[in-house]
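Notes follow the structure.
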Amino acid sequence: MRLSRGRSRETSLRLCSRAPRTMRRSATGLFRSGYGALRGRRAGRGGGAGPARGPRGDSHAMRALRRFRAGAGAASVARVSTPTAPVPVPPQPGPGGADAAAPGSAPPWREPLAASTRRFLDAARGLDGAAVRAPSLLPGWTRGHVLAHVARNADGMVNLVRWAATGEETPMYADRATRDADIERGAGRPLAEHLADLEASAARLDAALQDLRGPALDAVVRTSSGTELPGRDLPWGRRRELEVHLVDLDVGTTPAHWPEDFVLRTLDDLAPLFRHARETPVRALRSAPAGPSWEVGARGPDLHGPPSALLAWLTGRSSGDGLRPDPDGPVPPAPRWA
C-alpha cells in the first residue's frame with residue numbers, strides 16, 4: 001500500500017533559470033509558483049564560517065564525497081502493514097512539518113536525494129569524451145552542457161540552503177549572465193573534470209544540507225527567477241533537477257525509469273502551476289489503471305496513462321507516447337513553462 005500524500009503543497013516554482021532559449025522547456029520549471037499562494041490538489045481530493053569538522057578533522061564535504069564515491073546510502077522502501085486496531089492520532093508536526101526529521105533520524109528527503117545523485121553520477125561515469133561532446137536531448141546543449149548545469153545547480157542550492165539556515169540573503173547565482181557563462185565555459189571540459197566537478201559540488205551540497213533543520217525548514221528564500229519557497233523544498237527541487245536531466249542526457253534512462261515516488265510528488269507539485277498559471281489544453285491527468293488523478297486545466301480532454309508518461313508529457317519530455325485522450329483524438333502539446 002502507498003502512504004497518504006496529504007502533506008502541504010504551498011509553492012510551485014523554478015529553482016534555477018532556463019536552459020537554452022531554443023529548448024521547449026527546462027527541467028528547472030519543475031518548481032512551485034508563489035509561496036503560500038497555491039495548494040496542490042489531485043482531482044477529486046483536497047489537498048560564512050568554514051565547514052564543520054568531524055572527529056577525524058574531516059569536513060562534512062569530504063565525508064560526503066567519500067559516501068558518494070562508495071555508493072553509500074542506498075534508498076530503501078519501508079513495508080507498511082494495515083493496522084488491525086485503531087491508531088492514535090499522531091501529534092502535529094513541529095517546525096518544518098513533515099520534512100523535519102525525528103530526533104536521531106535522517107530527514108525524509110535524504111535517502112531519495114542520495115539515490116538520485118548516485119543515478120546521475122553513475123550515468124555520467126558511463127560516458128566517454130566523444131559522448132560528452134555529443135548533443136543531449138535539449139536543443140542547443142551537448143551532454144557537457146547538461147553536466148555543467150547540474151554541477152552549478154548544486155552550488156546554487158548551497159547558497160539557498162545557507163540563506164535558509166543563517167537568514168543572511170545569499171543569491172542562488174550572482175546573476176543570469178554569470179550563470180549562463182559558467183555553464184558554457186564548463187561544457188567543453190574533459191570527462192574527468194566534469195566528474196570531479198559533479199562529485200565535489202554534490203558533496204558540498206550534502207554538507208550544507210546538514211544545516212537544513214529546525215527553523216531553516218520554514219525559512220523563505222528566493223530563487224534565481226525571483227520566486228519564494230520554504231527551505232524544506234530545496235532538497236526535493238534538487239532531486240527533480242537530477243531525475244529530469246538524467247533523461248536529457250540521452251544515455252538510456254527514460255521517464256519510464258523514474259522512481260514512482262518522484263513521479264507522484266512531482267505531479268502533485270506541478271498540477272497547481274498548470275491549473276492556475278498556464279492555459280493547459282487538457283482538463284485532468286488520470287493514471288491508469290484506476291490510480292490518482294490531477295486537475296491541470298479548466299477544459300479539454302482527460303489524458304489517461306501511466307503516471308510516468310503523464311509527467312513526461314507535462315514536462316515536455318514526451319509528445320504523448322503511451323497516453324490516451326478521452327474523448328478520443330490527438331494528444332495536444334503541453335503548454336510552455338514561460
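Here the extension length gained between Glu260 and Glu184 equals 24.1 nm, from 0.36 nm per residue of separation less the Cα-Cα distance.
List residues of the range 253-286, by number, whose backbone nitrogen lies under 12 Å from a label position 7 Å along Cα→C-beta of Val220. Output list for this probe position: empty. Whose amide H sits under 5 Å from the amide H of His304, counting only residues 5 or more places off or on another chain, with H placed in the peptide plane? Amide H to amide H, under 5 Å and 5 or more residues apart or across chains, His304 pairs with Arg286, Arg324, Asp326. Distance from the Cα centroid of the range 175-209 to that of the range 242-300 is 28 Å (rounded to whole angstrom). In the range 205-314, inverting the average of 1/r over every pair of distinct C-alpha atoms gives 15.6 Å as the Kirkwood radius. Per-residue extension of 0.36 nm, minus the Cα-Cα distance of Ala192 and Ala177, leaves a gain of 2.8 nm for this segment.
What the Cβ-Cβ distance of Leu137 and Ala277 gives, at R0 = 22 Å and to the nearest 0.05, is a FRET efficiency of 0.30. Shape descriptor for the range 260-326: Rg over Rh equals 0.91 (Cα atoms; Rh from the Kirkwood inverse mean 1/r).
Throughout, read-outs are computed from the coordinates displayed, never taken from laboratory work. These numbers come from a predicted model, not from an experiment. Here Cβ is always computed from backbone atoms with ideal geometry, including for glycine, and neighbour counts include all displayed protein chains.
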